[in-house]
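Below is one structure, written out as structure tokens; comments come after it.
The values are calculated or read from the model by the stated rules, or taken from the named source; none is laboratory data. Because the structure is predicted, anything quoted here is derived from the model rather than measured. For neighbour counting, all protein chains shown are included, and Cβ atoms are generated from backbone atoms with ideal geometry for every residue, glycine included.
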Amino acid sequence: MTTTTAVTIPWPEHITVGYTSDYFKPEEDVISKWRGIMNKASLLNLLDYPLNEIEKRVNELYSFVHTYEDIFIVERRPVSDNMLKDHFEKHYDHLNKLVSDKILLPRDAVKIGRYIYLYDCVYPHLSEDIIKPRKNPEESMRILVIPSKLYNWMVRLDYLWFKLLIKKKLDRDILGYLDENYERFMKDAIKLKIFLPIPPKKLHGRRFDLEEMFWRTWFRKVEVNWEYIVENFYREIVSFLLTYE
Amino acid sequence: MNSDNSYKSFILHSCLLRIMDHLKSLHYDECHWLYLKELSGGVYFQTDWQRQTLKFRLCPDIRVEIEVHPSGRSSTVDVNIDNCAQVLSIRAWYPNLDDPVVYKWEYGNPCKLKKEDEDWITDINMLNALERALEDIMKSYNCSF
């Protein structure tokens, strides 16, 4: 299965730059070209390029697909992941590992964890495009569709995350951007009515100093209890909502 | 933030998320009639935590709003979502009509689904009631348009 990792794109993103000279290519050639375009647009292959390359390559991909619309299917659907199980928990496993491998400071891990949580509060409202050749549906690509107002913040978080995971390198410039703009991001998402704090499984009813917990547990190389972390972030966001006008 | 507010938000958000997940699961079920349509620009759902609502669109073009009145009966949502809500109001707008059709699910012994304030189905859980109401909305649409 060659389904590639999600790439974030702004909306509206459909442009109609043609590949007219290739139009009468045999289908095998188109599929072969599709593989190349798909790989080029994958976020994993864009980590050494400037950020604006992501948008450019995704636009290239869409215009290619529109040119050969008899060969490809584009299915738009609501995002399917279960946020806590499929997304958030896995990210915490990675954060734990990055801290214990001394690639990431606990202080930065707390920040990144919080931003992933904010991202996840928006994510369930959104859609994804599944693009696949009709005859080779296994060669599909999954693309997250993000409203343009939220694109800059979300795409940077994706970019920072994959760089951290694949290159083992924290991009401090991007982290700085996320620090400066996360409140703006939340407010914009609330205005668009696509922000729902993801509740933990249950509310334990006690507060704790999350940062201290992270420092202590990670220094002792004990795994962080992610359910408590979700609860802590949840309470923090609900506090923000209750004071938000 | 006091604990009451925190608790109420927790119940409300849990309900909204569970309903959203349920609707998505029906959308993904190829044997099921329910098919969601984008609201706009890649967005399928809107949640308004102040008005306690979830908005979405059914294919071909029926706007639906669900308002949740959280209850105080549960401290977890894993066991039974019915314990998390007292009333669920389901309002649907057909294209070119201003007034919505209204359904209500009320918690009780037994739980009830009302259609335009009349008792319609008794002894029905919340997610089944939601599904029955949406099915009825779609049937009326197919008969009228």
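Of all residues in region B:1-40, count the ones that are assigned to a helix (DSSP H, G or I) and facing chain A (nearest Cβ under 10 Å).
Of the residues in region B:1-40, 22 are assigned to a helix (DSSP H, G or I) and facing chain A (nearest Cβ under 10 Å).
Kindly indicate whether any position in region B:9-18 is crowded, with 17+ Cβ neighbours inside 10 Å, of a type in the set (A, V, I, L, M, F, W, C) and modelled with pLDDT of 95 or more.
no
Please enumerate the residues belonging to region A:87-106 that are buried (at least 19 other Cβ atoms within 10 Å of the Cβ) and either closer than 10 Å to A:L164 by Cβ or hydrophobic (A, V, I, L, M, F, W, C) (or both).
A:F88, A:L95, A:L98, A:V99, A:L104
Kindly establish whether B:R91 is loosely packed, with under 15 Cβ neighbours inside 10 Å, of a type in the set (K, R) and within 30 Å of A:L150 (Cα to Cα).
No: the conditions fail for B:R91.
Taking B:W49 and the conditions (1) closer than 13 Å to B:C15 by Cα; (2) in contact with a strand residue (DSSP E or B) (Cβ under 9 Å, 6 or more places away or on another chain), which numbered condition does it fall short on, given that it satisfies the others?
Among (1) closer than 13 Å to B:C15 by Cα; (2) in contact with a strand residue (DSSP E or B) (Cβ under 9 Å, 6 or more places away or on another chain), the lone unmet condition for B:W49 is (2).
Does A:D120 count as in contact with a helix residue (DSSP H, G or I) (Cβ under 6 Å, 6 or more places away or on another chain) and either of a type in the set (S, T, N, Q) or within 13 Å of chain B (Cβ to nearest Cβ) (or both)?
Taking the combined requirement at face value, the residue satisfies it.
For region A:156-199, name all the residues that are touching a Ser or Thr at 6+ places or on another chain (Cβ under 8 Å) and away from chain B (no Cβ under 14 Å).
Within region A:156-199, A:D158, A:F162 qualify.
Just the residues that are of a type in the set (F, W, Y) and not in a loop (DSSP other than H, G, I, E, B), please, taken from region B:81-99.
Result: B:W93, single match.
Quick one: in region B:78-110, of everything that is modelled with pLDDT of 95 or more and of a type in the set (G, A, S), which residue is nearest to B:I137 (Cα to Cα)?
B:A92
With (1) charged (D, E, K, R); (2) out of contact with any helix residue (DSSP H, G or I) (no Cβ under 7 Å at 6 or more places or on another chain); (3) within 13 Å of chain B (Cβ to nearest Cβ) as the list, and A:D93 as the residue in question, which single condition is left unmet?
Single failed check for A:D93: (3).
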